[in-house]
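The values are calculated or read from the model by the stated rules, or taken from the named source; none is laboratory data. Just so you know, these numbers come straight off a predicted model, no measurement behind them. Ideal geometry is used to build each Cβ from the backbone, glycine not excepted, and the neighbour counts take in all protein chains shown. Ligands, DNA and RNA are excluded from the accessible area calculation, which covers all protein heavy atoms including side chains. Shrake-Rupley method; radii C 1.70, N 1.55, O 1.52, S 1.80 Å.
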Amino acid sequence: MNPRLSLLAAVLALCACTNTSNVRDQDSQATRAASVNVQLGAGYINQGKNELALSKLNRALEEDPKLPSAHYVIAILYERLGEIEKADTHYRRAVELAHNDPEAHNNYGTFLCGQNRLKEADTQFLAALKNPLYKTPEFAYTNAGVCALKIPDAAKAEEYFRQALRVNPRFGSALFEMAQLNFNKGDYLPARAYLQRHMEVSQHSPAAMWLGVRIERALGDNTTADSYAKVLKTDFPNSRETELLLKPEQHGQPSGH
């Protein structure tokens with residue numbers, strides 16, 4: 001389970017608004033051409049064609065070096081290629097060029113959190129949340145909570161997750177994080193309730209199934225635990241969670257402990 005914003009989804013969302021994100025010279029031919037190349041580059045990232053993506057994105061930056069989306073998408077590509085310094089440079093440039101764009105701050109915060117630059121990440125998430133026009137603040141709240149868990153500061157994380165759910169009570173990532181957090185505290189009934197709410201709004205995942213197994217075994221409901229385990233083994237046979245489930249069984253011990 002990755003509760004962060006999907007970088008791929010973020011690319012598509014960003015490219016959808018590329019033509020309006022740079023009002024500075026929205027009507028210029030160079031900017032329009034750069035926007036097209038950003039969208040092509042994002043499409044190539046989707047297809048795993050990194051060399052072609054890099055070519056299109058570099059072309060976009062040549063056409064309009066001040067187009068925020070070009071910096072952001074090439075930052076994603078460099079991050080995936082493991083060129084972290086280049087990724088950081090372009091993420092920062094995207095934020096500088098679109099300092100009022102909450103998505104730019106949220107996405108840079110997600111990157112910083114992944115690099116364990118936790119204080120800097122929190123600053124970016126808070127910058128995103130300061131914008132009253134931010135349409136999806138639940139993402140930044142949840143990302144900030146995930147980052148707080150890495151400190152670790154469970155209380156701060158929980159407050160962020162609760163804020164996310166105040167904004168959007170059906171936000172699957174925050175519901176999962178609250179289920180996991182309550183399980184870790186030994187509060188199994190709330191953990192069950194949050195996981196059930198998560199399952200109502202999100203696709204099944206190996207992380208959710210494995211958490212369900214452990215919650216139900218902790219509550220003594222082995223029938224429900226076994227149903228989660230069956231889905232895990234059937235639908236996600238090669239997952240790390242299935243490996244964890246089966247490891248005790250391989251030694252003749254009951255699984256889930």
Handout entry: Charge dipole of the chain about the Cα centre (unit charges at C-beta), most positive-ward option of Tyr134, Ala75, His204
Key = His204
Problem - Relative pair counts by distance (%), Cα atoms of the chain, 10 Å bins - result: 7, 27, 28, 22, 12, 4, 0
Exercise for the section: Give me the accessible area of Leu40, 1.4 Å probe, in Å² rounded to the nearest 10. Expected result: 70
Practice task
Would you mind working out the magnitude of the charge dipole of the chain relative to its Cα centre, with +1 at each Lys and Arg C-beta and -1 at each Asp and Glu C-beta, to the nearest 20 Debye?
Solution key: 180
Problem - Stretchable slack from Glu83 to Gln196, in nm (0.36 nm times residue separation minus alpha-carbon distance) - result: 36.8 nm
Handout entry: Per residue accessible area in Å² of the chain, where ligands, DNA and RNA are left out and the probe is 1.4 Å
Key = 51
Practice task
Pop out the ³J(HN,Hα) list for segment 98-114 in order, Karplus 6.51 cos²θ - 1.76 cosθ + 1.60 with θ = phi - 60°, rounded to Hz; leave Gly and Pro as x.
Solution key: 10, 5, 9, 8, x, 5, 4, 5, 4, 5, 5, x, 4, 4, 4, 4, x
Handout entry: Percent carbon-and-sulfur accessible area, segment 132-257, ignoring ligands, DNA and RNA, probe 1.4 Å
Key = 51
Handout entry: Modelled FRET efficiency - R0 30 Å, Gln115 with Val231, Cβ distances, 0.05 increments
Key = 0.30
Exercise for the section: With a bin width of 10 angstrom, please list the P(r) values of segment 18-153 as percents of all Cα-Cα pairs, from the 0 bin to the one holding the largest distance. Expected result: 14, 39, 35, 11, 1
Handout entry: Lys/Arg +1, Asp/Glu -1 at C-beta; the chain dipole; positive extreme among Gly220, Tyr44, Thr31
Key = Gly220
Handout entry: Cα→Cβ-extended label distance, 7 Å offset, between Leu244 and Asn58, nm
Key = 4.2
Fill in the blank from the handout: Dividing the alpha-carbon radius of gyration of segment 77-210 by 2.2 N^0.38 Å, where N counts its residues, gives 1.10
